[in-house]
1. How long, wide and thick is region 508-665, going by the Cα atoms along their three principal axes, in whole angstroms, largest first?
2. Stretch ASP417-ILE37 to full length: gain in nm at 0.36 nm per residue minus the Cα-Cα span?
3. Quick query: amide H of LEU54 versus all other amide H atoms, modeled in the peptide plane; which residues come in under 5 Å with a sequence gap of 5 or more or a different chain?
4. Just check region 358-496 against the gyration tensor rule for me: Cα atoms, a ≥ b ≥ c as the square roots of the eigenvalues, rounded for a/c under 1.5, and otherwise prolate or oblate depending on whether a/b exceeds b/c.
5. With a/c under 1.5 counting as rounded, go ahead and sort region 528-584 into rounded, prolate or oblate using the C-alpha gyration tensor (a ≥ b ≥ c being the square roots of the eigenvalues; past the cut-off, prolate if a/b is larger than b/c, else oblate).
6. When all protein chains stay in place, what accessible area (Å², nearest 10, 1.4 Å probe) is found for THR303?
7. What FRET efficiency do you get for GLU506 and LYS478 if R0 is 30 Å and r is their Cβ-Cβ distance, rounded to the nearest 0.05?
8. Can you tell me what the convex hull of the Cα atoms of region 288-356 projects to on average, as an area in nm²?
Amino acid sequence: MLCEFTRLIYPHEPSPGSYMVAQYRPCEKIKTQSGDILSQITAVGYCLPTAEKLRFDMQGQWVKNAKYGYQFKMESYNEVLVPTKEGVIAYLSSGQIKGIGKKTAERIYDAFGLKTLEMLDKDPRRLLQIKGISEAKLKKIVESYTMNRGARDVIAFLAPHGIMPRQAMKFYVEYGNETMNVVKNHPYRLCEMAGVGFLTADKIAASMGFDRLSTERVDEGLLYTLTDAEGSGHLCMEKHDFIRAALRLLDTPDLSFDMAANRAARLVDSGQLVSYGRYVYRTRTAHAENMLAKRIKQFLRLTASACTNLEMELDRAEEKLKLRFAPEQRQAVKMALSSKLSVITGGPGTGKTMIQRAILNIYRRQNPNGNICCCAPTGRAARRMEQSTGCPASTIHKALNLRADEDGNYAEPEILDADLILVDEVSMLDVYLAGYLMNAVNLGAQLVLIGDSDQLPSVGPGAVLSEIIASGKVPVTKLNKVFRQEAGSRIAVNAKAIREGSHNLEHGEDFQFVDSPDTETSADKIVDLYMAEAAKYGPDNVALLTPYRKKTETGANALNLRLRDMVNPPAPGKFEVTHGKRTFRVGDKVMQTKNLDDISNGDMGYITDIFKSEDGTTVKIDFGDGREVEYDSSQLSMLDWGYASTVHKSQGSEYQSVIINLQRAHYIMLTRPLVYTAITRGKNKVIIVGEKRALHTAINRTDTEKRGTCLAQRIQKV
């Protein structure tokens, strides 16, 4: 069907691969069943063409909608390019090719004439001779041109299944013109794409009648079972539990335990799975855990000799800092300065900050030319470390120059040029970040790991801090005495009580409980409290924490939606951009939800500008520490509003005031580490809104699932 675009009906600003509804003018006679000739048609589908001054040959089928009548469901299309100067320029500047406006299109035509498209197909790097086209712009042009010429049908086919255009493009780059054949005949290969799991590939396979007992399906189901477990923090699974979980996922009555176990054994033989004792890993995670254990053991074989006369140095440090160290604090300093690798763990108010200051003070005195590196997993934790110690600090990613691609994968880190490395908030380190850090540290350096082992484990897989302590091989000082208690801090006192399983909490101005029987009532109270606390301390110094992101009225998503319009309402001249169901505007507080370059998952920033150019819409975000980043529209899926967050996302941060919601509706998430982590984010004030029974349930629940990891065993193994 030959037609021309006339009007976009839905959505107002489509993102690549979004579902669309548009009107077209037929360029040939199209009759209805009653014989009427249509003067316009309504088309629906993904990646509908919307360029003006072009004709499109659209393939698909007519469908009848109960509300809107007959519509044309487009499945694919081709541009019908008029072989004239005007036709080529119209196509290039139609908006379908990112980075080419009208003037650039004219310059391209002047250089290549009617052979322009042939040049784009065979040798697009010749575009670099055109004024205004840089390497970065060439990349955008080639990607969007490739999408429109070759990958478009793949994108349209996969979009209804939730596969983003960027992902489909990467798959197309891998398989080229064979992509559609691969998708239709080997759909489980889609799992090779970052962000595309077994469940998505399985639905596509089922829609094409794929055999549920095929080895491709069973193998991918087994691998996905472990991938899914990694999403819950596990590096490995017990072998029998693993097979049973895979059988539940595959849900195929004719597939027996022995059949699945046989396929798992073949995956071990082929190197896709690794067996270790009673446990099974994906190869990547087994390698990461094993290499981390080996590196730790390398440090343990070495002897530190950088500092001497530590008792005398501690006396001198007490005089300089005007304090008196407790015996366990003195032990922590001596251990850190006399070991190649050591751990200091303790809750709030136990003196971890003072210990860090003493370590730095003594080390500088005895090693004036030594290089010191202080770092933490998040920008906020690094800033707090710098403020409390007086020593420059950065994120681990920045210290190692770790930069993530759009799939969250990192290149190898740089070797860390430092003689003493202090790392704070180590409970947040997953096995991968810990591995990058340990490998980047020179074996001649001293490494001090500081954290609170009673907090929630890392968002990523593993339980690095707890496992290092459990190995019994690494020197560890556990700080138990709460010194803030003497200063009247109910937060520190209550944190210790919760850690010990006590319900006897102290209440007052700095630690409050607001009774609220249901999530709807709580949501109203939380919003009012947040606005009051933000007016007092400032939005950056107040956190609103909840166990869930999506569920209930007190989930982070629902609260963010309410708070954003209250804190940063729309106004004339305040620019906005819509992505999916979210509309971001200048002034919004946002959270990064995926590692990208040197911006880490969980980093907070503010949108400082939104502007449009011929390359599309750009959003500029200031993350602090001089980190200003520009996002194009395809990257906005990595952002969420940052007014409310889950407890997990708050790790590594500290705020003047923290508001926490705890309801019985959150039962699955209610654990002692969760509530402990939440209240220890507060520096001056903690307000819990919810039900006392929910709080007591959380304090009582210590039987939380232990993470699947054998790091401690590997460290112990000679």
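1. 55, 29, 28
2. Separation in residues times 0.36 nm, less the Cα-Cα distance, equals 129.2 nm.
3. When sequence neighbours closer than 5 places are left aside, the close amide H contacts are PHE5.
4. Details: a/c = 1.62, a/b = 1.22, b/c = 1.32.
Because a/c hits 1.5 or more and a/b fails to exceed b/c, region 358-496 counts as oblate.
5. Oblate shape, in that a/c is at least 1.5 and b/c is the bigger or equal ratio.
6. Taking all protein chains as shown, THR303 has close to 120 Å².
7. Efficiency at R0 = 30 Å is approximately 0.80.
8. For the Cα atoms of region 288-356, the hull's average projected area reads 5.8 nm².
The values are calculated or read from the model by the stated rules, or taken from the named source; none is laboratory data. Computed from a predicted model, the values in this text were never measured in an experiment. Quick reminder, even Gly has a Cβ in these numbers, built from the backbone with ideal geometry, and neighbours come from all protein chains shown. Only protein heavy atoms, including side chains, enter the accessible area calculation; ligands, DNA and RNA are left aside. Shrake-Rupley method; radii C 1.70, N 1.55, O 1.52, S 1.80 Å.
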